[in-house]
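Let me begin by presenting the structure, written as structure tokens, before commenting on it.
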Amino acid sequence: MLARIPMFDGLTARHRDAIARAFDEFTVPPGTRLATIGETGNEMYVIVTGEARVTTGRGRVIRLSAGDFFGEMSLLDGGPRSATVDAPTELSVLTLGRRELWGGCWIRRRRSCAA
């Protein structure tokens, strides 16, 4: 699934495996708000099952489903969320936090990854 996310394109298989282990999986009940426009984002999400509804600042609504992801922009640049994301259905998601991303061996070239 990570191979479909552009920010992980340049990683070796070994580094992709290491980052995959840094993700947590959890279930989100219907009606949960996962991100609010303008707030600080500290994690990204990858949808495993279910559907998410994204509402942009201009009011455009986008539906996301299995394999889609969101939250990566705030995670990378530390800026505010650019959209609000709600779970109209139960979701199973993978999450990656700021500490796990920036502390990982895939970012800091001089650190080695455990096999």
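The numbers here are math on the coordinates, done by the rules we state, and not lab data. Nothing here was measured: the structure is a model prediction, and the numbers come from that model. Here Cβ is always computed from backbone atoms with ideal geometry, including for glycine, and neighbour counts include all displayed protein chains.
Determine the sum of side-chain charges near Thr89: Lys and Arg each +1, Asp and Glu each -1, restricted to other residues whose C-beta is under 12 angstrom from that of Thr89.
On the way: positive: Arg53, Arg63; negative: Glu51, Asp86, Glu90.
Summing Lys and Arg as +1 and Asp and Glu as -1 gives -1.
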Residue by residue through segment 48-59, the couplings from Karplus 6.51 cos²θ - 1.76 cosθ + 1.60 with θ = phi - 60°, in Hz, x for Gly and Pro, are 8, 9, x, 9, 10, 10, 9, 10, 7, x, 8, x
For segment 1-86 the trypsin sites (Lys or Arg not before Pro) that pass both the DSSP coil test and the at-most-14 other-Cβ-within-10 Å test are Arg58, Arg60
I'd like the orientation of helix 13-22 relative to the chain: the angle between its Cα long axis and the longest Cα principal axis, in ° from 0 to 90, rounded to 10.
50 degrees
Full extension between Ala66 and Met7 adds, at 0.36 nm per residue less the Cα distance, a length in nm of 19.5 nm
Expected vector for segment 60-72, Karplus 3J(HN,Hα) from phi with 6.51, -1.76, 1.60 and θ = phi - 60°, integer Hz, x for Gly and Pro, equals 6, 10, 10, 9, 10, 9, 3, x, 7, 9, 7, x, 5
Reported label for calculated volume of the Cα convex hull per residue in Å³ given (1) 128; (2) 139; (3) 97:
(3)
